[in-house]
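Contents: one structure, followed by commentary.
The values are calculated or read from the model by the stated rules, or taken from the named source; none is laboratory data. Here the structure is a predicted model, which is why all the values come from computation and not from measurement. Here Cβ is always computed from backbone atoms with ideal geometry, including for glycine, and neighbour counts include all displayed protein chains. Note: accessible area is taken over every heavy atom of the protein model, side chains too, but ligands, DNA and RNA are not part of it. Shrake-Rupley method; radii C 1.70, N 1.55, O 1.52, S 1.80 Å.
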Amino acid sequence: MHLLQQIVFILCAGTAIGIFTKKVVEVRRNILLGRDENLTDQSGRRWRNVLLLAFGQKKMFKRPLPAVLHFFVYAGFVLINIEVLEILIDGIFGTERIFQAPLGAFYNVVIGFFEILAFLTLIAVIVFLIRRNILKVKRLSMHELDGFPKRDANTILYIEIVLMCMLLLMNAMEGAIQLKEGVGNGFLISSLIAPLFTGLSLDMLNIIKHTCWWGHILGIFAFLNYLPYSKHFHILLAFPNAFYTRLTPQGKMANMPEVQNEVLYMMQPELAPTATDAAPVQHRFGAKDVMDLSWKNLLDAYSCTECGRCTSVCPANITGKKLSPRKIMMDTRDRLEEVGENINKNKNFVDDGKSLVHDYISVEELRACTTCQACVEACPVSIEPLSIINQLRRYLIMEESNAPQEWNLMSSNIENNMAPWKFSPDDRDKWANEMEPSA
Amino acid sequence: MIKTMAEFAANNEMPEVLFWVGCAGSFDQRAQRITKAFATILTKVGVSFAILGKEEMCTGDPARRAGNEFLFQMMAYNNIQTLNGYGIKKIVTICPHCFNIFTNEYPELGGKYEVMHHSTFLQQLINEGRVRIKEGGAFKGKKITYHDSCYLGRANGIYEAPREVLKALDAELVEMKRCGSNGMCCGAGGAQMFKEEEAGTTRINFERAEEAIETGAKIIAANCPYCTTMLTDGVKSKEKEDDVKVLDIAELIEASLED
Ligand code: SF4
Ligand code: SF4
C-alpha cells in the first residue's frame with residue numbers, strides 16, 4: 001500500500017480512537033458523579049455473571065427468537081473484530097491480509113467462518129428492521145421511543161447492513177480477481193457472488209475492493225464514535241454491568257444506615273456519638289437528581305439497550321399506567337448527559353433548576369410501582385430500574401413529604417396502631433380467641 | 001389454646017417456632033381465615049408454636065416501600081427488640097412481605113433469625129410425614145392454578161415449595177401464561193394495597209384474575225394474604241366468584257388434613 005494511504009489511515013485511526021477515548025473519560029466522570037457503593041465483593045460470583053449474563057446472554061434466551069438473532073449479531077460483532085484487528089495492522093503497516101501467510105490454508109477457513117457470521121448478521125439485522133418498522137412489535141414501537149431513540153435503533157441497524165455488505169463485497173472483489181487470474185476462487189460466501197464481477201477490469205476490481213476496505217474501516221470508526229451517544233453502548237457496558245450487578249436476593253431493599261442510626265440514637269441516646277466524633281457526611285434522603293443515585297444506577301442508565309423487556313412485563317405499564325421502567329432508565333441517562341454537558345461548560349455543575357424527579361420522571365409514574373421486580377428479572381443487561389424508583393420515592397416522602405393522603409393515613413396507623421389499618425392493637429390476637437378450643 | 005411468647009417465657013419454655021402472623025393475617029377478615037387455617041394445621045400435627053400476640057407490630061414493609069424509611073426503621077427497631085428479648089431463633093410467617101423483610105432486611109439491623117414462609121414450612125411437614133393428606137380429598141383431580149407472589153418468587157427465588165405442597169393434594173396443577181419468575185404481580189406490593197391505583201386502562205388485579213380464570217382452574221391458589229384479597233376482588237370483577245375460588249395453600253391443606 002501507498003505510504004500516503006498509511007499516513008491517512010493512521011491519522012483517521014488516531015482521531016477516531018482519540019475522540020472515542022475523550023468521550024469515554026467523560027462518561028466515566030458522569031458515572032462517578034453518583035454516590036459511592038462498594039460492589040467488588042465475591043469476585044468469583046461476579047465473573048460468573050459476566051460469563052453467564054454478558055457473554056452467555058442467559059436472560060436473552062427467555063425469548064428464543066430475538067435471542068438467536070441477537071446472538072448472530074453479537075457473535076458477528078465479537079468475532080469480526082478479529083478481522084478488524086487485521087485491517088488495523090494492514091492499515092498501519094501497509095500490508096495486505098497480514099494473517100494470511102502465517103495461517104496458510106486455515107486462513108480461508110477462518111475468513112469463511114467470518115463470512116457466514118456476516119451473512120447471518122445481515123439476515124438478523126433485516127429481521128430486526130422488519131420487527132421494528134413493519135410488524136411494529138409493541139415494546140419496540142411505544143411512544144416513549146419517538147424521536148431520537150427510534151432513529152438511533154434504525155441507524156445502528158443500517159450501519160450494520162452497510163458494514164457487512166462492504167465486508168462481503170470486498171471479499172467478493174478479491175474472489176473475482178482470483179478467478180480472473182486463475183489462482184483460486186475466494187472465500188466461502190463471497191465466492192458465490194464473485195463470478196458476477198469477473199466482467200470488470202482488474203483495475204476496476206481493485207478500486208472497488210479498496211473502496212470497500214476503506215468504507216468498512218471508516219464505517220467502524222464512525223460506529224465507534226456513535227456508540228457513546230446510542231443505546232448501542234451496551235455492547236461494551238453490558239460486561240462491567242454484569243460484573244457489578246447485585247448478588248443479594250432481588251427482594252432486598254438497600255438499607256439507609258444514616259436513618260437506622262438516627263432511630264437508634266433516638267431510642268438509645270447513650271449510643272449517640274459525642275460532639276467530638278467526626279460527623280458523617282450528610283446527604284439528601286433518597287434521590288432527587290442523578291448525583292444522589294448510586295454510580296451503579298448511572299452505569300445502568302448508560303448500559304440500557306432500550307429493548308423494553310422490562311416495560312413489557314411491568315404490571316403497571318401493562319394496565320395502562322404511566323410508569324415504564326425503560327423510560328426511567330432513559331430519563332436517568334438523558335438527565336445525566338445534561339448534567340455532564342453542564343459540567344463541560346461550567347467546569348463544575350451549576351444548578352440549572354432542574355432535577356430527575358419532576359422534570360424528567362413524574363410523581364405519578366413513581367407512585368404506580370408495585371415493587372414487583374419483574375423489570376429487574378427481565379432485564380438482559382442486569383439493570384435495576386426498581387432501585388432508582390425506590391430512591392426517588394424515598395426523596396418524595398422524606399424530603400418533600402409528598403405522599404398521597406392514603407399513604408399518610410397508612411403511616412399514621414402504623415405509627416399509632418402498629419398496623420397499616422385503623423385497628424386497635426389490642427385486637428391483634430382476637431382471631432386466636434375465636435378459634436375452636438379443640439384446635 | 002394458642003399461646004403467646006410471653007406465656008411460654010413465663011414458664012421458661014421455648015416453642016419450636018414463632019408464628020409471625022402479620023398485620024393482614026391479624027386484622028383482615030379474609031386473611032384471618034388463612035391465619036386460623038395455618039394455626040389449625042400446626043396444632044393438629046403437634047408443632048409447638050407461639051405468637052407474639054399484642055406485642056407483634058407491623059414489620060414496616062409498606063412504609064419502607066412507600067419511601068418512609070424513618071417509620072420503617074422505628075418498626076424494625078421495636079420488633080427486633082421484642083424478638084431478641086425472647087431469644088427467638090426460628091420464625092414462620094404466612095406473609096411473603098414479612099418473610100422477605102425478616103430474611104433480607106432485618107439481619108443488618110441486628111435481627112437474625114431462621115425464617116420460613118409457610119409454604120416451605122408446610123412442604124417440610126409434608127415431607128417429614130407430619131402433615132398427612134387424606135385419601136381422595138376435596139381437591140383430588142381438581143384444576144388448581146398457582147399464583148406466584150412477587151416477594152416469595154422473584155424476591156427470594158421460592159417457586160417450587162408451594163407447588164410441591166399443591167401436588168400433595170393430588171390436584172391437577174395448571175400454570176398461567178405468566179408464571180414462575182415471569183409471574184405477574186397482583187397489584188398490592190409496594191404499599192399499593194393502601195392506596196388507589198394510578199390512572200390506567202384497567203386494574204392490575206383484574207388483569208391477573210382474568211389470566212388465572214383463563215386457565216379453566218376452579219381454584220386459584222395463593223400464598224400471600226394481599227394476593228388473596230386482590231385476586232378475590234379480581235375474580236369478582238369478572239363475576240366468576242361462584243365458579244372460581246381464591247384460597248391460600250394453608251387453607252387448601254387444612255381442608256385436606258387426615259382426621
Ligand atoms: S418493580 Fe415497579 S417498575 Fe418494575 S416491573 Fe414492577 S411495577 Fe414495574
Ligand atoms: S432496563 Fe434492561 S430490559 Fe429495560 S429497556 Fe433497558 S436493557 Fe431493556
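Structure above, values below:
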quantity: Residues (among the β-branched types (V, I, T) and either away from ligand 1 (no atom under 16 Å from the Cβ) or open to solvent by less than 20 Å² (accessible area, probe 1.4 Å) (or both)) located in region A:331-363; calculated: A:T332, A:V339, A:I343, A:V350, A:V357, A:I361
quantity: Every residue from region B:114-173 that is of a type in the set (A, V, I, L, M), in contact with a Pro (Cβ under 9 Å, 6 or more places away or on another chain) and either more than 14 Å from chain A (Cβ to nearest Cβ) or not in a loop (DSSP other than H, G, I, E, B) (or both); calculated: B:L122
quantity: Residue in region A:314-330 that is surrounded by the fewest Cβ atoms within 10 Å (Cβ to Cβ), counting only those that are more than 6 Å from ligand 1 (Cβ to nearest atom) and touching a residue at least 12 places away in the same chain (Cβ under 8 Å); calculated: A:K322
quantity: Some residue of region B:159-178 being over 24 Å from A:L386 (Cα atoms), among the basic types (K, R) and in contact with a Lys or Arg (Cβ under 6 Å, 6 or more places away or on another chain); calculated: no
quantity: Residues (within 14 Å of ligand 1 (Cβ to nearest atom) and either more than 10 Å from every other protein chain (Cβ to nearest Cβ) or open to solvent by less than 20 Å² (accessible area, probe 1.4 Å) (or both)) located in region A:391-430; calculated: A:L392, A:R393
quantity: Contacts under 8 angstrom Cβ, first residue in region A:386-403 being free of Cβ contacts under 8 Å to residues at least 24 places away in the same chain, partner part of a helix (DSSP H, G or I), 6 or more apart; calculated: A:A403/A:L396; A:A403/A:I397; A:A403/A:S411; A:A403/B:A66
quantity: Condition met for A:I383 (within 16 Å of ligand 2 (Cβ to nearest atom), open to solvent by less than 70 Å² (accessible area, probe 1.4 Å), modelled with pLDDT of 95 or more and part of a loop (DSSP other than H, G, I, E, B)); calculated: yes
quantity: Segments classed as helices (runs of 4 or more DSSP H), wholly inside region A:229-305, with at least 1 members that are within 16 Å of ligand 1 (Cβ to nearest atom), within 17 Å of the chain's Cα centre (by Cα) and of a type outside the set (A, V, I, L, M, F, W, C); calculated: A:295-303
quantity: Close pairs (7 angstrom Cβ cut-off, 6 or more residues apart or separate chains): over 15 Å from A:C379 (Cα atoms) in region A:227-250, of a type in the set (F, W, Y) and open to solvent by 50 Å² or more (accessible area, probe 1.4 Å) anywhere; calculated: none
quantity: Test set (1) more than 10 Å from ligand 2 (Cβ to nearest atom); (2) in contact with a helix residue (DSSP H, G or I) (Cβ under 6 Å, 6 or more places away or on another chain); (3) not in a helix (DSSP H, G or I) - A:K321 fails condition number; calculated: (2)
